[in-house]
Structure formats: C-alpha cells, structure tokens
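Everything on this sheet refers to the single structure shown next.
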C-alpha cells in the first residue's frame, strides 16, 4: 500500500521499527516503535494504515444537500451519508487530480455532477480516528450540482439503496435525531457551517 504525504516523518518523530501483521487491498495492520517529541526513547503502538479518501458535500442550486443511503457491513446498518471513496496512490497525486477523483465519486454514487455554474471547493482534510488509524480524507464542497442524464454507476462492492436531497433544516433535524451518525458526514457538515457554506436553522 502507498500512503499520503501527510504521513511523512516530522521533526521529533521517527519510526524505529514496524512489524506487519496483516495487509490487503484496503488496509494494513502493524505494530510500530515510534520516537516522539514527548517520548524520545520510543513508544510501541499498533496502527491500522488506510488509504486516503475523498468526501464530497454536494449542494444543488436550490441549496439542498445530496445524500446517499448505503449499506455498511461493519455496523450492520444502512445509513444516510455524503458520497466518499478511497484514493489509490494518493501520495503521488496533485490537488487537481484529487478534485477529479472527488467529482468521479460524486457522479458514480449519486448520478450528480457540477452544473453550468458549478464549482468544487477544497475544504481541507481530517483524520477519522487518530488514536488507532492514519486514515484521513480530503473534504470538498460541490456547489450547484445537478442530476445527469446518465445517472449513477455504483461499484460492485457497494450497495446504495437510495439517493435524495435534503434542505439544511432537514439536515439539522437528522443530525439532532441521530439519523446522520457517520464521521464523514458529521465532520464535513461542521466544516461547512464553520466556513459559512451551510446554515442548518436559518
């Protein structure tokens, strides 16, 4: 697996050893000895390495957010969430290439694409659970999206059972009622609110 440049050694941090326990196409599990600024003698930690991902918040010209309803096997549940997907070889990709991957995920999972006056806005990145994994995702806002004539193109490994648009007020209610409960969607909504792109209860 290749990992993002976000994970390069920084001042005071050094990987002294790494023992790989398991690896497949999506993740690797390793126990590592790492020198840190607070523990220069080194600390042992078991880490789940994951590829980077893109997370897209699609908003229509009417101000509604597009969500998909997807089966998630680890939690044995089908949930509403924003489109997202892993990136292959993210360490070698430029920003524009990552944006293109985000738009591809949007089209494949929802059937939506940027409209005539649409734009994609980078919103930074976040770590999903920094205590055990280096998994992180690039956030994007896709503004003024519209449904394409071609529709979605779901991959064979995913089961998406629905795709709908929701007003900001509906989103706020879904968050409050725990209908939206995945880290990607909650985090990108927080970012949108902080940046002034989304007002849940106008």
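Of [x] 22; [y] 46; [z] 11, which is the value of percent of Cα pairs over 32 Å apart derived from the coordinates here?
[x]
Considering just Cα atoms, how many Å³ per residue does the convex hull of region 5-50 enclose?
70
How would you rank 120-126, 20-26, highest first, on the average number of other Cβ atoms within 10 Å across their residues?
120-126, 20-26
Could you grab the relative contact order for region 1-138? Cα pairs under 8 Å, six or more apart, rounded to a whole percent.
That works out to 23 percent.
What distance in nm lies between label points placed 7 Å from Cα along the C-beta direction at residue 21 and residue 108?
Going by the 7 Å Cα→Cβ label model, 3.0 nm.
For the chain, take the longest principal axis of its alpha carbons; what is the angle in degrees between that and the long axis of helix 95-110, to the nearest 10 within 0 to 90?
For helix 95-110, the angle is close to 50 degrees.
Grab the DSSP H runs of the chain that are 4 residues or longer, score each as -39,500 (n - 2.57), total them, divide by all residues and round the 222 nm result to the nearest 500 deg cm²/dmol.
Value at 222 nm, helices only: -6000 deg cm²/dmol.
Could you tell me the distance between the Cα centroids of region 111-149 and region 56-89, to the nearest Å?
10
Compare the peptides 37-48, 128-139, 100-111 by average per-residue count of other Cβ atoms within 10 angstrom and give them in order, highest first.
100-111, 128-139, 37-48
Sticking with the crude label model, points 7 Å out along Cα→Cβ, report the distance from residue 75 to residue 41 in nm, one decimal please.
My value for the distance between the label points is 4.0 nm.
Could you give the alpha-carbon Rg of region 74-132 over 2.2 N^0.38 Å, rounded to two decimals?
Compactness ratio reported: 1.34.
Given the options 143, 35, 76, state which has the largest fluctuation in a GNM of the chain using a 10 Å cut-off (strictly under) for Cα springs.
Largest GNM mean-square fluctuation: 76.
Return a whole-number percent for the relative contact order of region 86-202, with Cα pairs under 8 Å and 6 or more residues apart as the contact set.
22
Here, each number is a calculation from the coordinates, and none is a lab measurement. Please read all numbers here as calculations on a predicted model, not as lab measurements. We place every Cβ from the backbone using ideal geometry, glycine too, and count neighbours over all the protein chains shown.
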